[in-house]
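Colleague: Quick one: the structure is below, questions incoming.
Taken together, the values in this text are just the output of simple stated rules run on the coordinates, not laboratory data. What you are looking at is a predicted structure, and each value in this text was computed from that prediction instead of being measured. Glycine also receives a Cβ, built like all others from the backbone with ideal geometry; neighbour counts cover every protein chain displayed.
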Amino acid sequence: MKLTANKRKRFRVSNKVKKVAPDERFRLSISRSSKNISAQIIDDKKSATLISASSIEKDIKSVSKVNKTELSKIVAEKLAKKAQEKKITKIYFDRGNYKYHGRVKVFAETLRKNGMEF
């Protein structure tokens, strides 16, 4: 099966990050669409999602009209809060096939401000 360019790029970025990252850290995978953004913290050893946050969730969706960058800030704050409750502070950031620019950059910076290390 031949992979598309986006999937090849995603695998390339993810594999580079996995090789460099230490074993005691979890992976933060991010995905975004034209309107929404979601992220999850994954334990690769167990292949299990530990924490997730998305702009589709009811409490975030109920926020009055905000632009997409503000939405990514809200989702990042919620994810950081959930991670602190589970005592997760060190992660590695898997941006997938997205550039570290715009909403993805705002998401990462907001996580750093809220105590996450990557």
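Colleague: Between K105 and K58, what's the calculated FRET efficiency when r is the beta-carbon distance and R0 is 30 Å? Round to 0.05. Walk me through the intermediate numbers first.
Modeller: Details: r = 27 Å, r/R0 = 0.89.
Plugging the Cβ-Cβ distance into 1/(1 + (r/R0)^6) gives 0.65.
Colleague: If you don't mind, another one. Give a residue-ordered list of calculated ³J(HN,Hα) values for the stretch 15-23 (Karplus: 6.51 cos²θ - 1.76 cosθ + 1.60, θ = phi - 60°; whole Hz; x for Gly, Pro).
Modeller: Each residue's phi maps through the Karplus curve to give 5, 5, 5, 5, 5, 7, 6, x, 6 Hz.
Colleague: A further question on this structure: Which trypsin sites (Lys or Arg not before Pro) in the stretch 1-70 sit in a loop by DSSP (not H, G, I, E or B) and have at most 11 other Cβ atoms within 10 Å of their own Cβ? It would help to have the intermediate numbers written out before the result.
Modeller: Numbers: sites: K2, K7, R8, K9, R10, R12, K16, K18, K19, R25, R27, R32, K35, K45, K46, K58, K61, K65, K68; in loops: K2, R25, K35, K45, K46, K65.
When the trypsin sites (Lys or Arg not before Pro) of the stretch 1-70 are filtered for loop state and at most 11 Cβ neighbours within 10 Å, K2, K35, K45, K46, K65 remain.
Colleague: When the Cα atoms of the chain are enclosed in a convex hull and the volume is divided per residue, what value in Å³ results?
Modeller: Taking the convex hull of the Cα positions in the chain, it is 119 Å³ per residue.
Colleague: Sticking with this one: Counting Lys +1, Arg +1, Asp -1, Glu -1, what net charge surrounds S33 among other residues with beta carbon under 13 Å of its beta carbon?
Modeller: Working: positive: R32, K35, K68, R103; negative: none.
Neighbour charge sum, excluding S33 itself: +4.
Colleague: As an exercise, identify the trypsin sites (Lys or Arg not before Pro) in the stretch 82-118 lying in DSSP coil whose Cβ has no more than 13 other Cβ atoms within 10 Å.
Modeller: When the trypsin sites (Lys or Arg not before Pro) of the stretch 82-118 are filtered for loop state and at most 13 Cβ neighbours within 10 Å, K86, K87, K99 remain.
Colleague: Going 7 Å from the Cα of E70 in the Cα-to-Cβ direction, what parts of the stretch 78-118 have a backbone nitrogen less than 19 Å from that spot?
Modeller: 78-79, 102-111
Colleague: If you take every DSSP beta bridge whose two residues both sit in the stretch 5-113, what share of them, in percent to the nearest 5, is antiparallel?
Modeller: Looking only at bridges with both residues in the stretch 5-113, the antiparallel portion is about 75 percent.
Colleague: Let me ask you something else. Past 31 Å, Cα to Cα, is the threshold; run K16/K87; K7/K46; K18/K113; K45/K105; K18/K65 against it and keep the listed order.
Modeller: Beyond 31 Å between Cα atoms: K18/K65.
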